[in-house]
Amino acid sequence: MKSSIFHLSSLIFNLSFFISLSSHAQGVVTITYDGPTATVEVPDSVTGVFTLSGTSANVILFSSVSDKEITYRLTGSSDDGSFSITGSYKLQLLLDGLTLTNAHSGAAIEVLTGKNIDVELAAGTVNTVSDASGGKQKAAMYFKGHPEFKGGGTLNVKGLTSHAISASEEMQLKPSLGFINVLGAVKDGLHCGKDEQSASHNFFQMKGGNVNIANVNGDGIDCGDYGRISIEGGTLSINVPDSATALKADSIVSISGGTQNIVVWGKDAKGIRANYLVDISGGQTDILAMGDGAKGIKAKREDADDTTAKVFNGGFANMSGGAVHITALGKDYIDTATNDTVKCMGMSIDADLVQTGGSVSITAMGDEAHTMNVKGSTTVLADAFITRWLPWRFNAYDYQYDMTAYVAISQNGTPRTDYDGMAVAAFIGDECVGYADFVDDSYGLLRIYSNEQSVQAVTFRLYDYNLGKSFDLTPSRTVIFSTSANIGTPSAPVILSYEGGWLKGDVNADGQVGIGDIVAITNIMAGISTDEAMMKRADVNEDSQVGIGDIVAITNIMAGITN
């Protein structure tokens with residue numbers, strides 16, 4: 001093997017690391033970090049790659065290659081190093097067990113080619129990248145061009161000056177991608193665009209992988225410069241603070257696949273915001289809007305008088321597939337600049353909302369939360385569009401411990417077989433510590449939460465969406481909170497009973513008032529029926545007896561004379 005080693009202390013950047021040039025069968029340039037130094041190995045088969053360097057483990061490369069892609073493999077560890085490359089041709093960047101922190105001003109990894117950059121996370125490796133605070137860099141990892149992330153490894157990134165990862169134009173996540181974890185950022189987690197008004201159309205595209213974004217002071221994923229966001233697969237988890245947005249695009253946010261878990265805990269923050277169109281045609285999207293004045297989905301129509309606006313005449317939302325579930329449980333807050341009241345809302349649509357498929361479920365919890373507001377027209381052509389309001393405010397993120405209860409409901413002595421339009425909540429004292437909408441016809445699964453592991457009695461309440469009323473529930477056995485416990489089983493659930501709640505005149509409990517109810521009263525009068533719950537419902541005029549007056553009352557309800 002032919003190799004040569006040069007000491008670079010005479011270069012204008014006062015270099016202090018060694019370069020090792022050696023042949024490499026696969027034509028890969030390898031940069032190995034080892035504390036305060038770095039070694040660059042360039043195989044004989046690679047020409048046109050020149051090494052410049054700042055100090056210590058700060059590697060600066062220039063490539064004049066214009067006819068083939070070169071792979072740059074980064075490995076090793078340094079708490080005061082960086083990697084930067086310039087050139088005019090596409091390349092491949094392989095992160096292979098890299099731990100790199102730039103302790104001074106500048107990005108930890110910077111690719112300035114302006115072309116396509118394949119960023120591969122070597123399978124089975126964990127790569128950690130961070131910059132330092134107080135610099136002028138745009139991100140801990142900055143790409144002038146089009147980075148495409150792939151490979152089965154893990155990338156942990158922290159941006160201590162600005163964004164965690166930023167691309168001047170486009171960013172793509174391939175189906176083979178393992179994990180990208182944004183552990184923190186002063187601004188956005190992932191950012192596309194130059195933050196300036198231009199004619200370019202940038203985009204963020206996610207086809208796979210697992211992306212987790214937390215502890216950011218800006219947006220989770222922001223695509224500016226008329227940009228759009230396209231989520232087609234993978235799993236995405238984001239939580240954002242005050243005034244930030246989890247998925248934010250100047251033009252369109254499109255979701256056609258994947259799983260999105262978004263927590264909006266900041267004041268006036270948004271889960272999804274697009275200045276032209278929010279388009280959901282697939283995938284599973286769950287949004288928890290818990291900040292005061294927060295919005296689950298915001299389709300914004302820019303003011304024509306706004307000189308900074310890039311996209312006009314927008315504010316639309318289309319739902320044609322997938323499943324969207326939004327829970328809004330924040331409160332109002334007063335904007336001190338305008339003195340306006342900003343409301344927490346599941347969806348806020350400035351123009352038109354159209355749903356032709358998929359399912360949409362919006363639940364607002366608490367006195368100040370709202371389900372939705374559409375300023376334009378609303379067209380719902382699919383059956384699965386549900387908006388519900390509950391008087392209780394509950395947030396599982398507030399608790400450390402939980403237990404599970406299997407329960408069933410008995411109304412007026414009769415087991416319910418239809419839970420549609422009902423929610424059941426658990427309480428410790430006056431505090432709501434869990435709720436659920438039941439879908440099974442024989443039992444429901446209720447998760448109960450607490451911050452205390454000590455013995456605490458649990459009580460229950462039911463809310464009837466159709467009646468707009470809540471009812472106290474009496475359990476068939478005492479329920480005491482115990483961490484990780486299971487109370488009841490699907491075949492032997494805890495029975496929660498209540499009185500009342502029936503539709504006036506619905507004697508036979510079929511969900512409507514009609515001839516069948518008159519027949520039921522006649523059977524009671526004739527002694528044919530002695531069902532106690534039915535006899536209670538049969539006293540329609542509430543005179544403490546079942547008779548002709550109740551038949552007259554039902555007739556008046558059917559005729560619309562009384563309600």
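The values are calculated or read from the model by the stated rules, or taken from the named source; none is laboratory data. Just so it is clear, the structure is predicted and the values come from calculations on it, not from any experiment. Virtual Cβ from ideal backbone geometry, glycine too; neighbours counted across all protein chains shown. Keep in mind that these areas ignore ligands, DNA and RNA; they rest on the heavy atoms of the full protein, side chains included. Shrake-Rupley method; radii C 1.70, N 1.55, O 1.52, S 1.80 Å.
Points worth noting:
- Free of any GluC sites (Glu not before Pro) that DSSP assigns to a loop and that have at most 12 other C-beta atoms within 10 Å, the longest stretch within the chain is 197-451.
- For the pair the range 236-284 and the range 528-550, the centres of their Cα atoms are 53 angstrom apart.
- Options (1) 61, 25, 19; (2) 54, 27, 22; (3) 30, 26, 25 - which one matches semi-axes √(5λ) of the Cα gyration tensor in Å as calculated here: (1)
- FRET efficiency for Ala526 and Ser256, using Cβ-Cβ distance with R0 set to 56 Å, rounded to 0.05: 0.35
- Measuring between their Cα centroids, the range 60-103 and the range 378-409 lie 48 Å from each other.
- Each of Gln284 and Ala533 was given a label point 7 Å from its Cα along the Cα-to-Cβ line. The distance between the two points is 3.3 nm.
- MRE, 222 nm, helices only [DSSP H, n ≥ 4, -39500 (n - 2.57), over the chain, to nearest 500]: -1500 deg cm²/dmol
- The residues packed around Asn508, meaning those with a beta-carbon under 9 Å from its beta-carbon, carry a net charge of -2 if Lys and Arg are +1 and Asp and Glu are -1.
- Where Ser82, Ser497 fall by accessible area, highest first, once all protein chains stay in place (1.4 Å): Ser497, Ser82
- Counted by Cβ distance under 11 Å from Tyr333, the other residues give a net charge of -4, where Lys and Arg count +1 and Asp and Glu count -1.
- Rounded accessible area of His163 (nearest 10 Å², 1.4 Å probe): 10
- Applying the criteria of a DSSP loop state and at most 10 other Cβ atoms within 10 Å to the trypsin sites (Lys or Arg not before Pro) of the range 467-563 yields Arg477.
- The modelled label-to-label distance for the pair Lys115/Ile515, using points 7 Å beyond Cα in the direction of Cβ, is 8.2 nm.
- Each peptide among 331-341, 249-259 gets the average number of other Cβ atoms lying within 10 Å of its residues, and from highest to lowest they stand as 249-259, 331-341.
- Ellipsoid semi-axes for the range 339-448, based on the Cα gyration tensor and the rule √(5λ), read 29, 21, 12 Å when sorted largest first.
- Each Lys or Arg adds one and each Asp or Glu subtracts one; over the other residues with Cβ under 15 Å from the Cβ of Ser56, this totals -3.
- Taking 4.7 Å between C-beta atoms as the pairing limit, the chain has these partnerless cysteines: Cys344, Cys432.
- Dipole magnitude of the chain, debye to nearest 20 (Cβ charges: Lys/Arg +1, Asp/Glu -1, about Cα centre): 1460
- Crossing angle, helix 548-559 versus the chain [Cα axis fit, 0-90 degrees, rounded to tens]: 40
- Area of Arg416 that stays accessible when all protein chains are in place (1.4 Å probe, Å², to 10): 60
- The mean of 1/r over all distinct Cα pairs in the range 123-178, once inverted, gives the Kirkwood hydrodynamic radius of 12.0 Å.
- Dividing the Cα radius of gyration of the range 472-557 by its Kirkwood radius returns 1.17 for Rg/Rh.
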